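> Quick one: the structure is below, questions incoming.
The values are calculated or read from the model by the stated rules, or taken from the named source; none is laboratory data. For clarity, every value in this text was computed on a predicted model and none was experimentally measured. Cβ atoms come from the backbone with ideal geometry, glycine included; neighbour counts cover every protein chain shown.
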Amino acid sequence: MKKSSTTVQEPPGAVVHRSTPPPAWQPRTDPAPLLPDPEPYRVLGTEAVADADPELLRRLYAELVRGRRFNAQATALTKQGRLAVYPSSTGQEACEVAAALVLQEQDWLFPSYRDTLAVVARGLDPVRALTLLRGDWHTGYDPREHRIAPLSTPLATQLPHAVGLAHAARLKGDDVVALAMVGDGGTSEGDFHEALNFAAVWKAPVVFFVQNNGFAISVPLAKQTAAPSLAHKAVGYGMPGRLVDGNDAPAVHSVLTEAVRRARSGGGPTLIEAVTYRIEAHTNADDATRYRGDGEVEAWRAHDPVRLLEHELTERGMLDEDGIRKAADDADAMAARLRDRMNADPELDPMDLFAHIYAEQTAQLREQAAQLRAELDASADPAGDAAGQGETR
Amino acid sequence: MKKSSTTVQEPPGAVVHRSTPPPAWQPRTDPAPLLPDPEPYRVLGTEAVADADPELLRRLYAELVRGRRFNAQATALTKQGRLAVYPSSTGQEACEVAAALVLQEQDWLFPSYRDTLAVVARGLDPVRALTLLRGDWHTGYDPREHRIAPLSTPLATQLPHAVGLAHAARLKGDDVVALAMVGDGGTSEGDFHEALNFAAVWKAPVVFFVQNNGFAISVPLAKQTAAPSLAHKAVGYGMPGRLVDGNDAPAVHSVLTEAVRRARSGGGPTLIEAVTYRIEAHTNADDATRYRGDGEVEAWRAHDPVRLLEHELTERGMLDEDGIRKAADDADAMAARLRDRMNADPELDPMDLFAHIYAEQTAQLREQAAQLRAELDASADPAGDAAGQGETR
Amino acid sequence: MTTVASRATRTGKAAKPATMAQALQRAMRDAMAEDPTVHVLGEDVGTLGGVFRVTDGLAAEFGEDRCTDTPLAEAGILGTAVGMAMYGLRPVVEMQFDAFAYPAFEQLTSHVAKMRNRTRGSLPLPITIRVPYGGGIGGVEHHSDSSEAYYMATPGLHVVTPATVEDAYGMLRAAIASDDPVVFLEPKRLYWSKAQWSPESPAAVEPIGRAVVRRTGLSATLVTYGPSLTVCLEAAEAARAEGWDLEVVDLRSLVPFDDETVVASVRRTGRAVVVHESNGFGGPGGEIAARISERCFHHLEAPVLRVAGFDIPYPPPMLEQHHLPGVDRVLDAVARLQWEADS
Amino acid sequence: MTTVASRATRTGKAAKPATMAQALQRAMRDAMAEDPTVHVLGEDVGTLGGVFRVTDGLAAEFGEDRCTDTPLAEAGILGTAVGMAMYGLRPVVEMQFDAFAYPAFEQLTSHVAKMRNRTRGSLPLPITIRVPYGGGIGGVEHHSDSSEAYYMATPGLHVVTPATVEDAYGMLRAAIASDDPVVFLEPKRLYWSKAQWSPESPAAVEPIGRAVVRRTGLSATLVTYGPSLTVCLEAAEAARAEGWDLEVVDLRSLVPFDDETVVASVRRTGRAVVVHESNGFGGPGGEIAARISERCFHHLEAPVLRVAGFDIPYPPPMLEQHHLPGVDRVLDAVARLQWEADS
Ligand SMILES: Cc1ncc(C[n+]2csc(CCOP(=O)(O)OP(=O)(O)O)c2C)c(N)n1
Ligand SMILES: Cc1ncc(C[n+]2csc(CCOP(=O)(O)OP(=O)(O)O)c2C)c(N)n1
Ligand SMILES: [Mg+2]
Ligand SMILES: [Mg+2]
């Protein structure tokens, strides 16, 4: 019966028996601690405040106050019909502001649709930053000029963009870090997974910054994930994960700075989860009372990022009544300017609809543009229009 | 200047300062160990063999020998033009066989395109299992009858199906576990991420079984992930992850059994990574010499799942020459039957193309079916065809 | 072919004003009450009742296991729905907006559309995929796509879209009752449209697949569906002043396509304009116009024209009115139907 | 309009037989050599040289940073390509098979197609997306889709497909050189088709967008592209026996569409059949036939007919020949072009 055993196609090598797989395919083990500290990192109310740069703390405070005021003004603009919609980051200002401040000129910011404030804190003209939400165009600025990607509405889709851009910069030898923002809900999307995996494999200089504000519209985190924390997701990609108190501005700033530094120095990507809370409804169009109680909101208001920092700075004698007033005045002035500018109607040219589809307009688009042109002309001259319509064609 | 501070819309509650976020949003910490043991679990060559059921070990051996023979026969059938293609699981038989054996009648198997052997080991007629690869239809069996989902070619897409099915069964109160198979490459797809997340949130009775065979076609694991292991991905979903030596059949069987038990008893999903190796090329159409050296293959042949178990059983006096011969004969007989049956041309009816698009055929499909019917009739009667064509229409 | 008139009689008794959103909600509610295998799942469909409130109250009435807030992942939603259907459930999936159905595209095309065929009929997937679609509501980018061309090009799917409150109920019931996957396109801007409709005695459910003549006329046929029906009916009214008596066909079902109703109408009138909001090039109108031209060739007095959205990404809110086919654009097209040759 | 003859002259000198796969490889190689911003990425494109060997040798010549084996995730591939393009690179992405491009659908429709428009022209994305498509190679399910209708329905994309070895080179060079995203559809079953072609002096690169008359004729026009060109040319030969002298137009570019060439041809011949492998309903043929009918109405002797794949999921290998439009089916359609009325 020799024949039968040989038909079980056996390689000659198979007579040797090794009980462990060949070393090449051993799973890699990493000496670095793999799991994030489950306790969010904090600076305020801890020793660490003493080490913080007082200049930075004051800067953060001023920006938080401006940020809070910006959110309030933008919400007011929706009521006045000057914005189509506004997804407020009230309560999340520490994250928004820190994300903008940790980046250098040449770095890129990849905001999600809730991150107008980060874009403004980065220095972009707020009217341009609000273009999408006012509704006169989709993106109101040149992303390359400002190194700010368009605000992304399709959730998590901006994350692979950040990875590709950072990777491209690294291949070119440029000193560029990409910081990509996403919400807790966005971490459930396939694009989140693919982006983090590509980043880790390519060791791309990216920082993934998740603002866990407790909700994806009405869906609470407990229906979104069963993980110990969102930062724990880093383990599965072989990158460091870090939890931070998202309402503690110096803490967020510090954790982001460290991640940006790691990226810049070739250490690859980091995943950061900032634990925070969305104080307002999802947008002005949402009714948050349908899915959460006031008690929860109140509890979080007591952990407010602006007040937390203000309290700490006041306690330490780094901020007085005068400073508080100055910050508020500055914020008010900013808001007043914004309100005035947003009260002007944007200049719109319907022919722009055809201007940026392709580098060169196709014959079909030229025809369609001509059609719209004719319609616009006719409605500018309604008499001529109504008369000739049936016959001229 | 009172006015300015109040315009920074402040809630009344904000006067209280709490330095930690409200308890509701503390990241959950889990007392269970989160990280998988980085050393793959093994039975062969360890004490654990003594605890194993001798009956099971012999069964596994017989199935491995049949499995190896099945792979060889299927590959031979591609050379004879009897299969369109065959993605062989040679070297991975321990995984394939164990996946089939750990399931009960009512459980469901969700195989990927490489898992024909698991389907056959589950008891499906091999000719039906090979329908897809022969090319006479896409799926050769009724998935509900056998509780085997169609072999999935689009990678990782079968994983959410397994989750949904398991979830549905659980909602109904039925005792059903779904075991879903996927390759190392497939873990990079968004669907992998989404499936694991849904499963964990829903505590669905699913086992995710990754065969890490070192390659996704030509792409080695190191270009696929930077994670310490694929099992580590479990951490980010809050489910247990487990590494096992994929060429150690009793070890794979034991780890899978434990996961199936956990799922069955309401403990939710598990992610298992079996470390194994694809001995053959990706498919018969692939040329593996383009991307890997013989040395590596030889090293893995020395860790062959069939020989490993055979060696252990022989050493322990649980298997003798006679038993080896019997297993080989049995496998040969199976292969001969398969060869004979596959040598017969399948019966094909082109009209089947229109039979299963919708429950009720649409008017358009009826027209198209009539067209094909007429063409077939005409070519069966070429004289009538050639003559009348120009005029009859 | 069923006409509006005949359907209205059947449900006219205790009619009160209802919105399309309410009729859709009611359809799911009735289906869930009648059939315990009907499950609703999607983002925010539970506690919130959906961002358009179409699933309002379902979780409260049937529990979270029957109306489930899923994690935020569209491929996951549709993929798990496939598995649920494999086990005998009848999932009704909500995609929050048209453009947010795209992540589920692979599950839709490679599995949902093909599963019955792949398994020789042994694994039908009775899944309803509700997709709020189209513009006109001032949505920011990615919230106003007309994605029906993608679904029409995918054999194995039914693709339907209601244009009236009554149809919203009847067609959604029919979609849920169908043993095949149905992409159920809900015209966003009609969600708040109202009609006299009696939720107490909703119309009997007809199987999907038939078009309906919403207005009879002799001069030309406007072929349309969903959000553009209102535009066409208005245009038909306005056209009377120009001496045109327009017939308006509401397709209701894009797949299967009701050639019979459309062809009968165009053969009668001899002229046709296809009207939809979706981009013109590669949009549904090409297929529709091609079918009409092929089947009515010798009856046509003029080429079949198309009035559609421009071949551009959906515009920002402040410019959308220039993109959307309105009454004037429809009348312009009617004017180009070579009336001179006729007289 | 460029005719075959004129192009052949330009490259005819040192011509040797080359396959389409080789011409495509050569196009990428030349582009990479000329422009350091051209990067190739995809599954198995590096060491292996692609499952169809179209990227063979590129990683060896230009290094793995220029020709990169990515993780197995199509949305990730296209999504990172978007980011690379944002930074000034010119990514050439390979999707391994038609159906495996579907996971990237959201990135394609919501970002790739729209980015230039979203940013008022400040962020063009010069990405080439190579998609092997179509059937006829005995592939198992999900390996033979004709997915061009999806791309045609998405404004902002160019959609092109070569049918000859020479075009494979020239059009891929043009696609890579384009500042807009181009979906470059490669007919799988023509990968091994051979032609006399000189890789030493490849034809100059013309911008994409023009159709070409591959065969002149007077009786009727066959409008086709990609894998169906061969079928149409064979049909045209066979038709001579029936007394029909058929013109064959190879569209080459589906977006932008060359109305000029197509319309000129059909106005000359008075009859047209659109031929493609893609499903008929909702497929490219509807758009094409509708355009022809609209623009050539008074020149048409018969309705524009379509010969296409059936409205079914792509069949298993053993049945695909019944699905694919072949010479007979084309001739059947030509026979139905109402010749009687003419005589
Ligand atoms: C792909 C996709 N699916 C669905 C939506 C609709 N949507 C908009 S915001 C949102 C919730 C987002 O939650 P999260 O990621 O936590 O961000 P947050 O709103 O809390 O900032 C949803 C579901 C979307 N924009 N994109
Ligand atoms: C969505 C998708 N993308 C690409 C492919 C093409 N493809 C077929 S097999 C394969 C590699 C799979 O590797 P792995 O998951 O490790 O499974 P293995 O082949 O090793 O069993 C690829 C890329 C596919 N089938 N599906
Ligand atoms: Mg959130
Ligand atoms: Mg593998």
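> Return the residue satisfying two criteria in turn: it lies in the range A:366-385 and is among the small types (Gly, Ala, Ser) and at pLDDT 95 or above, and of such residues it is surrounded by the most Cβ atoms within 10 Å (Cβ to Cβ). Write out each step before concluding.
Going residue by residue through the range A:366-385, those that are among the small types (Gly, Ala, Ser) are A:369-370, A:374, A:378-380, A:383-384.
If we keep only those that are at pLDDT 95 or above too, we end up with A:369-370, A:374.
Details: A:ALA369: 19, A:ALA370: 11, A:ALA374: 12.
In this case the residue turns out to be A:ALA369.
> A further question follows. Please find, among A:GLY140, A:GLY123, the residue that is assigned to a loop (DSSP other than H, G, I, E, B) and either on the phi > 0 side of the Ramachandran plot or away from chain D (no Cβ under 14 Å) (or both). Give the derivation first.
Details: A:GLY140 fails: either on the phi > 0 side of the Ramachandran plot or away from chain D (no Cβ under 14 Å) (or both).
Just one listed residue meets the conditions, A:GLY123.
> Looking at this structure, is C:LEU123 among the aliphatic types (A, V, I, L, M), facing another protein chain (nearest Cβ under 9 Å) and in a loop (DSSP other than H, G, I, E, B)? Outline the logic, then answer.
Details: among the aliphatic types (A, V, I, L, M): yes; facing another protein chain (nearest Cβ under 9 Å): yes; in a loop (DSSP other than H, G, I, E, B): yes.
Answer is yes for this residue.
> Among the candidates B:GLY268, B:GLY241, B:GLY295, single out the residue that is at positive phi and in the same structural domain as B:ALA180 (by TED's automatic domain parsing).
Numbers: B:GLY241 fails: at positive phi; B:GLY295 fails: at positive phi.
Only one candidate qualifies: B:GLY268.
> Restricting to the range A:168-194, name every residue that is assigned to a loop (DSSP other than H, G, I, E, B) and surrounded by 24 or more Cβ atoms within 10 Å (Cβ to Cβ).
Taking the range A:168-194 and keeping what is assigned to a loop (DSSP other than H, G, I, E, B), we get A:173-177, A:184, A:189.
A:VAL177, A:ASP184, A:GLU189, listed by residue number.
> Considering D:ARG240, D:ARG215, D:ARG252, D:ARG210, which residue is at pLDDT 95 or above, surrounded by fewer than 24 Cβ atoms within 10 Å (Cβ to Cβ) and closer than 30 Å to D:ASP35 by Cβ?
Working: D:ARG240 fails: closer than 30 Å to D:ASP35 by Cβ; D:ARG215 fails: closer than 30 Å to D:ASP35 by Cβ; D:ARG252 fails: surrounded by fewer than 24 Cβ atoms within 10 Å (Cβ to Cβ).
Answer to the check: D:ARG210.
> Sticking with this structure for a sec: Can you pull out every residue in the range D:228-269 that is in contact with a Leu (Cβ under 6 Å, 6 or more places away or on another chain), under 26 Å from D:SER147 (Cα atoms) and among the charged types (D, E, K, R)?
Of everything in the range D:228-269, just one residue is in contact with a Leu (Cβ under 6 Å, 6 or more places away or on another chain), under 26 Å from D:SER147 (Cα atoms) and among the charged types (D, E, K, R), namely D:ASP250.
> Restricting to the range C:165-195, give me the number of residues that are within 14 Å of chain B (Cβ to nearest Cβ) and in a loop (DSSP other than H, G, I, E, B).
4
> Starting from residues that are aliphatic (A, V, I, L, M) and facing another protein chain (nearest Cβ under 7 Å), keep the ones in the range B:167-208 and report whichever is nearest to B:ASN247 (Cα to Cα).
Step one: filter the range B:167-208 for residues aliphatic (A, V, I, L, M), giving B:168-169, B:171, B:176-182, B:195-196, B:199-201, B:204, B:206-207.
Those still in the list that are facing another protein chain (nearest Cβ under 7 Å) too: B:168-169, B:171, B:195, B:200-201.
On the way: B:ALA168: 33, B:ALA169: 32, B:LEU171: 36, B:ALA195: 26, B:ALA200: 28, B:VAL201: 32 Å.
Checked the range B:167-208; the qualifying residue nearest to B:ASN247 (Cα to Cα) is B:ALA195.
Rundown of residues vs (1) modelled with pLDDT of 95 or more; (2) among the aromatic types (Phe, Trp, Tyr); (3) part of a loop (DSSP other than H, G, I, E, B), yes/no style:
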{"position": "A:GLU310", "(1), (2), (3)": "yes, no, no"}
{"position": "A:MET318", "(1), (2), (3)": "yes, no, yes"}
{"position": "A:ALA327", "(1), (2), (3)": "yes, no, no"}
{"position": "A:ASP332", "(1), (2), (3)": "yes, no, no"}
{"position": "A:ALA359", "(1), (2), (3)": "yes, no, yes"}
{"position": "A:GLN364", "(1), (2), (3)": "yes, no, no"}
{"position": "A:ALA387", "(1), (2), (3)": "no, no, no"}
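> Given the conditions (1) away from ligand 1 (no atom under 16 Å from the Cβ); (2) in a helix (DSSP H, G or I); (3) closer than 17 Å to D:PRO313 by Cα, report the number of the one that C:PHE105 does not fulfil.
(1)
> Any chance you could count how many residues in the range D:90-128 are more than 17 Å from C:PHE105 (Cα to Cα), of a type in the set (A, V, I, L, M) and either modelled with pLDDT under 95 or surrounded by fewer than 24 Cβ atoms within 10 Å (Cβ to Cβ) (or both)?
Qualifying residue count, the range D:90-128: 2.
> Okay, next question. What number of residues in the range A:127-163 are in contact with a strand residue (DSSP E or B) (Cβ under 8 Å, 6 or more places away or on another chain) and either of a type outside the set (Ser, Thr, Tyr) or without any contact (Cβ under 8 Å) to a residue 12 or more places away in the chain (or both)?
11
> Those residues that are within 12 Å of ligand 2 (Cβ to nearest atom) and either charged (D, E, K, R) or within 7 Å of another protein chain (Cβ to nearest Cβ) (or both), I need them from the range D:71-87; list them, please. Steps first, answer last, please.
Applying the first criterion (within 12 Å of ligand 2 (Cβ to nearest atom)) to the range D:71-87 yields D:71-77.
The answer is D:PRO71, D:LEU72, D:ALA73, D:GLU74, D:ALA75, D:GLY76.
> Quick check on this structure: which one of B:GLU315, B:GLU347 is within 13 Å of chain A (Cβ to nearest Cβ) and surrounded by fewer than 14 Cβ atoms within 10 Å (Cβ to Cβ)?
Going through B:GLU315, B:GLU347 in turn, just one is within 13 Å of chain A (Cβ to nearest Cβ) and surrounded by fewer than 14 Cβ atoms within 10 Å (Cβ to Cβ): B:GLU315.
> Pairs only if they're at least six apart or on different chains, beta carbon under 7 angstrom, first in the range C:196-217 and assigned to a loop (DSSP other than H, G, I, E, B), second crowded, with 19+ Cβ neighbours inside 10 Å and modelled with pLDDT under 75; list them, first residue then second.
C:SER198/C:THR11; C:SER201/C:THR11; C:PRO202/C:THR11; C:ALA203/C:THR11
> Restricting attention to the range C:51-64, does a residue exist that is touching a residue at least 60 places away in the same chain (Cβ under 8 Å) and among the basic types (Lys, Arg)?
Of the range C:51-64, the ones touching a residue at least 60 places away in the same chain (Cβ under 8 Å) are C:52, C:54.
Okay, now just the ones that are also among the basic types (Lys, Arg), so none.
So far as the range C:51-64 goes, no, none of its residues is touching a residue at least 60 places away in the same chain (Cβ under 8 Å) and among the basic types (Lys, Arg).
One line per residue, one yes/no per condition, for (1) at pLDDT below 50; (2) in a loop (DSSP other than H, G, I, E, B):
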{"position": "A:SER4", "(1), (2)": "yes, no"}
{"position": "A:HIS17", "(1), (2)": "yes, yes"}
{"position": "A:PRO21", "(1), (2)": "no, yes"}
{"position": "A:PRO36", "(1), (2)": "no, yes"}
{"position": "A:ALA50", "(1), (2)": "no, no"}
{"position": "A:ARG58", "(1), (2)": "no, no"}
{"position": "A:GLU63", "(1), (2)": "no, no"}
{"position": "A:ALA76", "(1), (2)": "no, no"}
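> If you don't mind, there's one more thing I want to ask. Taking only the range D:300-327 into account, find how many residues are more than 7 Å from chain B (Cβ to nearest Cβ) and outside any strand (DSSP E or B). First the steps, then the outcome.
Looking only at the range D:300-327, we keep the residues that are more than 7 Å from chain B (Cβ to nearest Cβ), and these are D:300-309, D:313-314, D:320-321, D:324-327.
Adding the requirement that they be outside any strand (DSSP E or B) leaves D:300-304, D:313-314, D:320-321, D:324-327.
So the count comes out to 13.
> Report whether or not B:GLY190 is without any contact (Cβ under 8 Å) to a residue 40 or more places away in the chain and in contact with a Phe, Trp or Tyr (Cβ under 9 Å, 6 or more places away or on another chain). Lay out the reasoning, then the answer.
On the way: without any contact (Cβ under 8 Å) to a residue 40 or more places away in the chain: yes; in contact with a Phe, Trp or Tyr (Cβ under 9 Å, 6 or more places away or on another chain): yes.
Yes, satisfied.
> Can you name every residue in the range B:185-214 that is under 11 Å from the mean Cα position of the chain (by Cα) and within 8 Å of ligand 2 (Cβ to nearest atom)?
Those that are under 11 Å from the mean Cα position of the chain (by Cα) and within 8 Å of ligand 2 (Cβ to nearest atom): B:GLY186, B:GLN211.
> Next up: Report, by residue number, each residue of the range D:256-294 that is part of a strand (DSSP E or B) and touching a Phe, Trp or Tyr at 6+ places or on another chain (Cβ under 8 Å). If you could, list the steps in order and put the result at the bottom.
Start the filter on the range D:256-294 by keeping residues that are part of a strand (DSSP E or B), which leaves D:272-279.
D:HIS276, D:ASN279, listed by residue number.
> Report, by residue number, each residue of the range B:195-226 that is part of a strand (DSSP E or B) and within 16 Å of ligand 3 (Cβ to nearest atom).
We begin by selecting, within the range B:195-226, every residue part of a strand (DSSP E or B); these are B:206-212, B:215-216, B:219-220.
Residues satisfying the conditions do not exist here.
> Every residue in the range C:261-305 that is among the basic types (Lys, Arg) and touching a residue at least 40 places away in the same chain (Cβ under 8 Å), please. Full working, then the answer.
First, the residues of the range C:261-305 that are among the basic types (Lys, Arg): C:267-268, C:271, C:291, C:295.
C:ARG268, C:ARG271 - these are the residues of the range C:261-305 that are among the basic types (Lys, Arg) and touching a residue at least 40 places away in the same chain (Cβ under 8 Å).
> Would you please list the contacts, defined by Cβ atoms under 6 Å and residues six or more apart or on different chains, that run from a residue in the range B:209-237 that is within 16 Å of B:ASP191 (Cα to Cα) and more than 8 Å from chain A (Cβ to nearest Cβ) to a residue that is surrounded by 24 or more Cβ atoms within 10 Å (Cβ to Cβ) and aromatic (Phe, Trp, Tyr)?
Hits for this filter: zero, empty list.
> Could you grab me the full set of residues in the range B:238-286 that are β-branched (Val, Ile, Thr) and part of a helix (DSSP H, G or I)? Write out each step before concluding.
From the range B:238-286, those β-branched (Val, Ile, Thr) are B:244, B:252, B:255, B:257, B:260, B:270, B:272, B:275-276, B:279, B:283; that's our starting set.
B:VAL252, B:VAL255, B:THR257, B:VAL260 - these are the residues of the range B:238-286 that are β-branched (Val, Ile, Thr) and part of a helix (DSSP H, G or I).
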